[in-house]
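For reference, the structure discussed in these notes is given below.
The values are calculated or read from the model by the stated rules, or taken from the named source; none is laboratory data. Note that the coordinates shown come from a computational prediction; the quantities given were computed from them, not determined experimentally. Cβ sites come from the backbone with ideal geometry, for glycine too, and all protein chains shown count toward neighbours. Calculation scope for accessible area: heavy atoms of the full protein, side chains included, ligands and nucleic acids excluded. Shrake-Rupley method; radii C 1.70, N 1.55, O 1.52, S 1.80 Å.
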Amino acid sequence: MDNKKVNHIAIAVPNIEKAALSWEKALGMEKSEIMILKDHGVKVVFLEFANLKIELLEPLNNESPITKFLKKNPKGGIHHICFEIKNIRDTIKVLKEKKINILGDGNPKNGAHEKPVIFLHPNDLSGTLVELEET
Ligand code: CO
C-alpha cells in the first residue's frame, strides 16, 4: 500500500483577494499569485505552509462548481482535499474496477499545477470531495 501525501486542502471563498489578506494577516505565510483556471471555472491562490498548501477558490461565474457550494456556505468553507498519486491513468482504471465514481466524464483535466487531476464523488467518501493529482 502506498501512503498518499496530501497536496493541498481547498477552501471556497466569496472574494479571493479579501480571503488571502485575512489569512496573511492572521497566520502570515507566503502566497502565490492569483491564477485563473478557466477549465475549472475558478480563481485560485495558494497559501504555502511548511507541510501543506491551502488553496483558496473563488468561482469565476455562476456555472462554476464552487457557486453552488458558496450558496450553502456563504462565508466559505472547506471544499476538497487533494492527494498525490503517481499515475493517473492506472489510478482511474483501478477506481473504475472498484466502482468508485469519478466526477465529470471520468477523464483527467489539468489542475492548478498544470498536472492532471480527477475528482472523486463525495458520496463515496463520507461527504468529502477528494481531488487526486498526478505528481
Ligand atoms: Co484542488
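For the chain, which DSSP H helices look membrane-span-like by this rule: Cα extent along the axis of 18 Å or more and mean Kyte-Doolittle of at least 0.0?
Qualifying helices, which must be both long enough and hydrophobic enough, do not occur.
Which of the trypsin sites (Lys or Arg not before Pro) found in the range 1-72 are loop residues per DSSP with 15 or fewer other Cβ atoms within 10 Å of their Cβ?
Lys4, Lys5
Whenever you get a sec, line up Leu57, Leu125, Leu27 from highest to lowest accessible area (probe 1.4 Å, protein heavy atoms).
Descending accessible area places them as Leu27, Leu125, Leu57.
If I take R0 = 30 Å and measure r between the Cβ atoms of Phe49 and Asp105 in this structure, what FRET efficiency does the formula 1/(1 + (r/R0)^6) give, to the nearest 0.05?
Approximately 0.35, to the nearest 0.05.
Below 13 Å, Cα to Cα, which aspartates and glutamates can Lys25 reach? Residues fewer than 8 away in the same chain don't count.
Glu17
For the pairs Lys53/Lys109; Lys18/Lys115; Lys31/Lys98; Lys68/Lys96, flag any whose C-alpha to C-alpha distance is greater than 29 Å.
From the list (Lys53/Lys109; Lys18/Lys115; Lys31/Lys98; Lys68/Lys96), the Cα-Cα distance tops 29 Å for Lys31/Lys98.
List, in order, the whole-Hz ³J(HN,Hα) value for each residue of the range 118-135 obtained from phi through the Karplus relation with A = 6.51, B = -1.76, C = 1.60 and θ = phi - 60°; use x for Gly and Pro.
Listing the rounded values in order: 9, 10, 9, 5, x, 4, 8, 9, 6, x, 10, 7, 10, 9, 10, 10, 6, 10 Hz.
Keeping every protein chain present and rolling a 1.4 Å probe, give me the accessible area per residue for the chain in Å².
63 Å²
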